[in-house]
Amino acid sequence: MGLFRFCSWRVRLLIISLVFLATGTWMFLPTWNARKQVECNLAQLYAGTLPESNWVRVRGRLLWDEAGVETGRRGSVTAYFVPLVPGNWNESQPIQAIVRIRESDAENMQNAVTVDGLIQPLGLPFNLALTFGGDEGAHIGENVVYIHHGTNPDSQRRFALVVIGIGMCGVIGFFVMSKMAADDDASTTYHSQARARDINEVVQRTTEEEQRHQEQEAERESEVDRWMRERGLKKPAAEQEAPADAQEAVAAR
């Protein structure tokens, strides 16, 4: 969060949008192959054979004594992770199926033998694999089937699409606003360059006008001197000294 505070608001929008996209995709994946609910044989799951649909109803024995727990921010239990085993299972055999049961459903599922839920195609989360991978108690095997009990794939699919849509809108908004900011920067640079050119043109025009004025003054002084010489007149002493600039202009002509 410390680094997030130093990001620009456009980068923050992009990060949040990508989080929405990742979350929505993670929620949508289990529903991709869950158009209908199927009866599933637990022995087949233990043998590594997955059903044609991720939405399953499977019978087995829930090992509540081996269950792990999920806690919220305040330490309260929010869900249980309960191993699901066949009737003839013994502790020397690995566990190949784990069911996530919400805390609100736990009481009704204490003596249940049927689980209705959604198989998670990404498998068992890493932290759960560590929890059930200890030396004490039952141990898990490879390619464990992870089931979310009570999940309706249709509802989850709709919600996931909404989350993905929000993420997509955020990403599109990021690129649109980045393009607008780039155009504003280019426009500011153009106006700055144009303003500099205008100032240079004004300075150059002022210099040229000043030079023309000096040339006109020198020419006028020269005509006055010629007119007075033709009539044998002399300029007053105070007027005989022409400005240096005017004399240079006369000499140049």
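Brief remarks on what is shown
- Prolate/oblate/rounded call for region 72-164, Cα gyration tensor, a/c under 1.5 rounded: prolate
- Neighbours of Gly150, meaning other residues whose beta-carbon lies under 15 angstrom from its beta-carbon, give a summed charge of -3 when Lys and Arg score +1 and Asp and Glu score -1.
- Computed on the Cα atoms alone, the convex hull of region 1-133 gives a volume of 148 cubic angstrom per residue.
- Total formal charge among the other residues, if their Cβ is under 14 angstrom from that of Glu103, Lys/Arg +1 and Asp/Glu -1: 0
- Sequence-distant residues sharing a close amide H with Val145 (under 5 Å, placed H): Ala97, Ile98
Coordinate-derived values only; no laboratory data. This is a predicted model, so every value here is computed, not measured. All Cβ positions, glycine included, derive from the backbone under ideal geometry; neighbour counts span all protein chains shown.
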